[in-house]
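Read through the structure below, which is laid out as structure tokens, and then see the notes.
Taken together, the values in this text are just the output of simple stated rules run on the coordinates, not laboratory data. Owing to the predicted nature of the structure, the values given are computational and were not obtained by experimental measurement. Here Cβ is always computed from backbone atoms with ideal geometry, including for glycine, and neighbour counts include all displayed protein chains.
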Amino acid sequence: MIRFFWKRISASALSLFGASLVAFFLLRASPGDPARLFLGPFAGEEALKRVRADLGLDGSPLLQYLIYVRRFLAGDWGFSYSTGQPVATLIARRFPATLELGLYAFLIAFLSALALALVAAYRRGPVDGTARAISFFTMGVPPFWFGLMLLLMFFEALGWLPGPDGRLSIKVIEPPRVTGLLTIDALLAGDFAAFRDAFAHLALPALTLGLTPFSFLFRLLRANLIDVCREPFILVARSGGLTRWGAFLRHALPNAFMPTLTASGLLFGQLLAGSVLVERVFVWPGVGALVTDGVLKQDFSVVQAFILLSAAIYVVCNLIVDLLGGVIDPRLAVSGGDR
Amino acid sequence: MSDPLLEVSNLCKVFNFAGGPRSSERQLRALDGVSFTLKRGETLGVVGESGSGKSTLARCLLRLIEPSAGSVSFDGLDLLALPGSELRRFRRRMQIVFQDATGALDPRMTVGDLIEEPLLAHGIGNAAERRRRVEALLARISLGPDVARRRPHAFSGGQRQRIGIARALAPNPEFIILDEPVSALDMSIQAQVLNLLKDLQQELALTYLFIVHDLSVAEFFCDRILVLYLGEVMETGPSSALFRGPQHPYTASLVSAIPAGHRRERRKRLVLQGEITPIGANRPEGCVFRSRCPVGRDRAVCAEIRPRLQSVANGVEVACHFPGSLSA
Amino acid sequence: MSDRVLEVSGLSAVFATREGTAAALRDVSFSLEAGQRLAVVGESGCGKSTLALALLGLLDPPGQMIGGLIRLNGRDIANLPERQMKAIRGREISLIFQDPMGSLDPIKTIGSQLVDALRRHQPGLARRAARRRAVELLGEVEIADAERRLGDYPHHYSGGMRQRVMIAIAIANNPSVLVADEPTTALDVTVQAQILKLFERLVDRRRIALLLITHNLSLVADFCESVHVMYAGRFVECGSVDAVFNRPAHPYTEALLKSIPDPERRKGRLPTIAGLPPDLRRLPKGCAFEPRCPLGNGRQICVSVAPRRQRVGGRGEDASAECHFAAEKMTAGVVS
């Protein structure tokens, strides 16, 4: 088992290393002169050279790469010329918003997919058909349209939920920042009004963002459940006295869970990397909007930092999922993880 | 023609798996020192349980996997030395029928395409000739020509097995390896397929290598039998001799494990202890069968010296220090 | 009269398919006494696995039981609601399946699966006591080093060992009836012999009634006292093993016996049964075996009248065959 863990961790480290290389070199290959963009069209050659040195664009690539890595690890993620702030600060300010939204979206998607898949796989027949129809719908619907529709219904027409004005109503004061996740911070501070408000603001965007992951997770889990139900040991469990539902929960679900777990890791990583369109629709101050701006304005440092950050998130999510998998399904650990 | 069609000498195969920190753990000795000859028109049965190496043997003979050591000579040709292009030409003459007919037949191809495939692969005949041959083969296995358009899943296990046989016959081979062709079939279907194989052998002067775990089928169908255990030859000889008077304790236990059926007297049951444990990198000293052998379990010579194949009466060869100890 | 633990009478079941309803079990009747070993023999599609499932009430749609009585330990369980049925499965009647490789939950330890089985029907049993019992059970099925093995996962085990674990689970709560559906088919020959010997010991020691379902006729002769031969959902012949094997009354049994390679018989072509098993959706009104029968093919009575069970004398209790010409066959002497 230790060997399995070790293999997985070193594989992750290798992936991170690869991602950093990509972030570094690919960006250098892209057209446009970041220094010039930074300083504007009237800058002199001297200034340009200085900025280039700052950005690490001169000198041997290897040396620059090492400097870049060292700076990154020290917390210096570069400077965003378009906003005039250090990238680290920008991301630190905006990431919690994306994280909170991603968490809730994932939770909604996962739990509803789980519930629906259980019912669909167990009952089959028309119930299953309806469930699959729902999943097709959610798969095909563009999230931003869905978000707008939700806003139309619940904000505009019914007035039950707040509109697209960010994470908190203007009137409500932000609770003291502990984690950056407003709902958690509000609970920690005992500020239930803020909690309710933050939660209400999260509802529609989380539903919107969770739409596509939900459909994917549902289909995956349902298919796995149906496959596992065909295995002999399910019938064996029933012959020992378990009801059909009992055998389904105790034996089919844990076995079907593995591939879904892996997919969940990927999906969660994706959610954390920020969703631009949803953030735009709900005016959510997250990382997605930040990075699109960075790309459009060719704000070099922002994009570079973001590539590395999202790669790191992916790798960590996958690592956690892999390690969990090894614990749940001992067969994976035995083979040293060589599937 | 008394020269043998197939001569196998000291065939060995070791599988290596992706090495961990201790690579010695990740080896599997599938075959070790297997030698035998096969005369034209003969049927040799290879008998063994799981882990005996019989499937590995089949694949090595066709060079579907490469042996680690030893030699295989087919009609005088050194098979292992053949370069790729000539190997393909030689494959026309040697075919294989697999146990799992369902798995061996591509479910997306029609039966006609499946049988035609070897003809295409070896460039035999033009389109019209191939079609005629496919029809003739289908008739030979007692399936009508309209079958050619359908897919394998529409047929029963026995029919699929016959399709597999037709496919093997397509390029007109001299030698067919049958890898457990009837093990998965019901008794009456098994009888049909065995009859078909026997008829074909007579009509087409075929030579068979018949891999099987059911010794009574082996005794019925084969002229000679080779008994394998963990990749080594335990005993070999004419099938009736082996069956009536098994010399090796393992053969004796296999014979005794055959259910008596409706015969009146029941043989004394010889039940082996323990199970087959595959051999890793280090072959244990002495006889591979010793740990389960009622005769040799506690004998020093069995623990220290590996028995070599020696001739005893009736054309039988045994690898045992105490042959004949368990004959009834 | 010894205790009858299982009495089945008129059991019938069907399968709904797109092209009609297939009659999988047709009026099946038999009984089992404690400690008795009865074999049900037949080829694929004859309905023997359906019988096993029906006995445990595990016949799921599209299969359905449509009639009959199943009396287990005096109680009719054929139409019992699921709530009560689940208390009986694994407790009074157990089932062992063919495929040892897929029969155990791959992500749970052997020990936990055994303990689960024990505590399902003995809810008062404490965990530690259940573990002790599990170790005892493993010992009973001859698995060495049982204490340590509780923490193993199924993939650590070979097919033979997994089957032993299956048997341990099946007998954990001391059932009266054990139904074994092809328990040794997937195993090596020498392991088969071991497992059968184990069965013998357990069944004798605990006085369990064993229903052995198999397609392997030879196995039956060695191991069971009585045999029922199944064809197209019906028992076409029943009797003691010695009688049925040495003097079969039904042409199907006879043909089946002849198709087994027998080293003591002269070599040559094996006699086979012409044709294929019948389509269970379109069974003839006469004898289902008639199209393939060397004796009855084409005969008017075989084509139009379904044969009724006829007692065949001198072959033990319950000896019978469903053939218009059974008596004729018997009096004509031993058929070669």
Query - Cα centroid of the range C:1-38 to Cα centroid of the range A:87-145, whole Å - result: 49
Query raised in the report: Tilt of helix A:45-55 relative to the longest C-alpha principal axis of chain A, in degrees (0 to 90, nearest 10)?
Result: 30
Query raised in the report: Against the longest principal axis of chain A, how steep is helix A:2-29, in degrees 0 to 90 to the nearest 10, with axes from Cα atoms?
Result: 40
Report task. Using R₀ = 30 Å, calculate the FRET efficiency as 1/(1 + (r/R₀)^6) where r is the Cβ-Cβ separation of A:Leu62 and A:Phe5; round to 0.05. Result -> 0.40
Requested in this report: Taking chain C as the reference, fit the longest principal axis to its C-alpha atoms, fit the long axis of helix C:189-206 to the helix C-alpha atoms, and give the angle between the two in degrees, 0 to 90, nearest 10.
Outcome: 80
Query raised in the report: Based on the alpha carbon coordinates of the range A:72-134, what radius of gyration and maximum Cα-Cα distance (Dmax) apply, in Å?
Result: 21.1, 59
Requested in this report: Between C:Gln98, C:Gln36, C:Gln300, find the one with the highest GNM mean-square fluctuation for chain C; connect C-alpha pairs within less than 10 Å.
Outcome: C:Gln300
Query raised in the report: Which of the trypsin sites (Lys or Arg not before Pro) found in the range B:95-160 are loop residues per DSSP with 15 or fewer other Cβ atoms within 10 Å of their Cβ?
Result: B:Arg108, B:Arg150
Query raised in the report: Can you give the % of DSSP beta bridges in the range C:1-144 that are antiparallel, to the nearest 5?
Result: 95
Query raised in the report: For B:Asp75 and B:Asn314, what does the FRET efficiency come to when R0 = 30 Å and r is the distance between their Cβ atoms, rounded to the nearest 0.05?
Result: 0.60
Report summary line: Each label sits 7 Å from Cα toward the beta-carbon; between B:Ala121 and A:Arg250 the label points are separated, in nm, by 4.9
Requested in this report: Determine the dipole magnitude for chain B: charges of +1 sit on the beta-carbon of Lys and Arg, -1 on that of Asp and Glu, nothing else is charged, the reference point is the Cα centre, and the result goes in debye to the nearest 20.
Outcome: 440
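Could you compute the FRET efficiency for A:Val316 and B:Met109, with r as their C-beta to C-beta distance and R0 at 41 Å, rounded to 0.05? Mind dumping the intermediate values first?
Working: r = 46 Å, r/R0 = 1.11.
Efficiency, from the Cβ-Cβ distance: 0.35.
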Requested in this report: Pull out a ≥ b ≥ c, the square roots of the eigenvalues of the alpha-carbon gyration tensor of the range C:231-331, then state rounded if a/c is under 1.5, prolate if not and a/b is larger than b/c, and oblate in the remaining case.
Outcome: oblate
Report summary line: For the pair C:Ala129 and C:Lys197, the simple spin-label estimate (label points 7 Å beyond Cα toward Cβ) gives in nm 3.5
Query - Euclidean distance between Cα centres, the range A:170-236 to the range C:179-245, Å - result: 56
Report task. Would you mind telling me which residue in B:Phe98, B:Phe155, B:Phe175 has the biggest mean-square fluctuation in a Gaussian network model of chain B, where springs connect alpha carbons within a distance under 10 angstrom? Result -> B:Phe155
**Report entry** Pair-distance profile P(r), taking every C-alpha pair of the protein assembly as shown, with 20 angstrom steps and integer %
**Finding:** 11, 32, 32, 18, 6, 0
Query - Within the range C:265-307, backbone nitrogen closer than 12 Å to the virtual label 7 Å beyond the Cα of C:Glu19 toward Cβ - result: C:279-282
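About its Cα centre, what dipole magnitude does the range C:52-166 give when the only charges are +1 on Lys and Arg Cβ and -1 on Asp and Glu Cβ, stated in debye to the nearest 20? Could the numbers behind the result be given before it?
On the way: 18 positive and 13 negative charges, 100 e Å.
The calculated dipole for the range C:52-166 is roughly 480 debye.
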Report task. Out of all DSSP beta bridges with both ends in the protein assembly as shown, state the antiparallel percent to the nearest 5. Result -> 60
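Roughly how compact is chain A, stated as its Cα Rg over 2.2 N^0.38 Å to two decimals? The partial results should precede the final answer.
Numbers: Rg = 23.8 Å, N = 339, 2.2 N^0.38 = 20.1 Å.
Against the compact-globule rule of thumb, the ratio is 1.18.
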Query raised in the report: Between the range B:141-206 and the range C:39-75, what's the alpha-carbon centroid distance in Å?
Result: 34
Query raised in the report: How big is the Cα convex hull of chain C in projection, averaged over all directions, in nm²?
Result: 18.8
Query raised in the report: What's the exposure ranking of C:Leu80, B:Leu254, B:Leu5, going from fewest to most Cβ atoms within 10 Å?
Result: C:Leu80, B:Leu5, B:Leu254
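If you take every residue apart from A:Val236 with its C-beta less than 10 Å away from the C-beta of A:Val236, what net charge results, scoring Lys and Arg +1 and Asp and Glu -1? Can you show the working numbers first?
Details: positive: A:Arg238; negative: A:Glu231, C:Asp99, C:Asp105.
Cβ neighbours under 10 Å give a net charge of -2.
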Query raised in the report: Quick one: longest stretch of chain A between exposed loop chymotrypsin sites (Phe, Trp or Tyr not before Pro), exposed meaning at most 13 other C-beta atoms within 10 Å and loop per DSSP?
Result: A:161-339
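What does the net charge come to around C:Gly275 if you take all other residues with beta carbon closer than 11 Å to its beta carbon, with K and R at +1 and D and E at -1?
Numbers: positive: C:Arg292; negative: C:Glu290.
Here the count lands on 0.
With a sphere of radius 13 Å drawn around the Cβ of C:Phe15, what net charge do the other residues whose Cβ falls strictly inside it have (Lys, Arg +1; Asp, Glu -1)? Could the numbers behind the result be given before it?
On the way: positive: C:Arg18, C:Arg26, C:Arg281; negative: C:Glu19, C:Asp60, C:Asp279.
With Lys, Arg at +1 and Asp, Glu at -1, the net is 0.
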Report summary line: Listed residues C:Glu19, C:Glu33, C:Glu43; largest mean-square fluctuation, Gaussian network over chain C with Cα springs below 10 Å, found at C:Glu19
Query raised in the report: What's the longest bit of chain B with no exposed GluC sites (Glu not before Pro), using DSSP loop states and at most 12 other Cβ atoms within 10 Å as the test?
Result: B:1-264
Query - Cα gyration tensor category, rounded, prolate or oblate, for chain B with a/c compared to 1.5 - result: prolate
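Averaging over every viewing direction, what projected area does the convex hull of the Cα atoms of the range C:25-184 cover, in nm²?
Details: hull surface 41.1 nm².
So the Cα hull casts an average projection of 10.3 nm².
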Requested in this report: Report, in debye and to the nearest 20, how large the dipole of the range B:43-163 comes out about its Cα centre when Lys and Arg carry +1 and Asp and Glu carry -1 on their Cβ.
Outcome: 360
Query raised in the report: Counting each DSSP H run of 4 or more residues in chain A as -39500 (n - 2.57), what helix-only mean residue ellipticity at 222 nm follows after dividing by all residues, to the nearest 500 deg cm²/dmol?
Result: -24000 deg cm²/dmol
Query - Under DSSP loop assignment and at most 16 Cβ neighbours within 10 Å, longest trypsin sites (Lys or Arg not before Pro)-free interval of chain C - result: C:19-206
Query - Percent of C-alpha pairs per 5 Å bin, the range B:104-171, short to long - result: 4, 20, 34, 26, 13, 3, 0
